[in-house]
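These notes concern the structure reproduced below.
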Amino acid sequence: MAEYVSLFAVGELEEGGMRRVIAGEEALVIIRQGGEWFALADCCSHETSRLSEGYLEEGKLCCALHGAAFDLRSGEAVRPPAFEGIAAYPVRIEEGMVQVAIGEQDDRG
């Protein structure tokens with residue numbers, strides 16, 4: 001069973017923003033886009049660079065190094081040079097705090 005961990009207050013990340021966090025032993029990037037929250041592994045599957053240093057497109061997190069893109073919901077690779085997806089984690093908002101489930105990857109993809 002997944003354990004949700006509180007990361008930060010909702011107001012600390014504006015719409016269209018992203019933030020690197022460590023949850024348990026996982027480096028994640030938390031994204032707020034289109035009124036929704038997403039949590040993805042903060043490591044590009046093409047070359048090990050931090051995705052939190054990249055940029056957002058509609059529904060995608062893009063690597064600054066070579067432009068690989070990953071679906072925000074599933075972590076699926078949607079643009080080369082990455083062909084392998086990255087982990088996506090469940091996110092919820094509880095009592096004004098952004099929380100992520102560690103130890104469980106999301107199977108929405």
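Where a number appears in this text, it was derived from the coordinates with a stated rule and is not lab data. Predicted model, so just to flag it, every value in this text is computed and none were measured. Note that we place each Cβ from the backbone using ideal geometry, even for glycine, and neighbour counts take in every protein chain shown.
Numbers for the structure displayed
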| item | result |
| --- | --- |
| Total formal charge among the other residues, if their Cβ is under 12 angstrom from that of residue 52, Lys/Arg +1 and Asp/Glu -1 | +1 |
| For region 10-109, the spread of Cα positions along each principal axis, largest first, Å | 40, 26, 22 |
| Lone cysteines, the chain (no partner Cβ under 4.7 Å) | 43, 62 |
| Calculated from backbone phi, Karplus (6.51, -1.76, 1.60) coupling profile of region 11-18 in Hz, x at Gly/Pro | x, 7, 9, 7, 4, x, x, 9 |
| Size of charge dipole - the chain - debye, nearest 20, with Cβ of Lys, Arg +1 and Asp, Glu -1, no other charges | 220 |
| Those GluC sites (Glu not before Pro) in region 25-109 that DSSP places in a loop and that have at most 12 other beta carbons within 10 Å | 25, 47, 58, 84, 95 |
| Cβ-Cβ FRET estimate between residue 73 and residue 9, R0 fixed at 25 Å, reported to 0.05 | 0.60 |
| Segment residue 64-residue 50, length gained on full extension (0.36 nm per residue, minus Cα span) | 4.2 nm |
| Karplus (6.51, -1.76, 1.60) ³J(HN,Hα), θ = phi - 60°, over region 57-72, in Hz, Gly and Pro reported as x | 10, 4, x, 9, 10, 10, 7, 6, 6, 10, x, 4, 10, 10, 5, 5 |
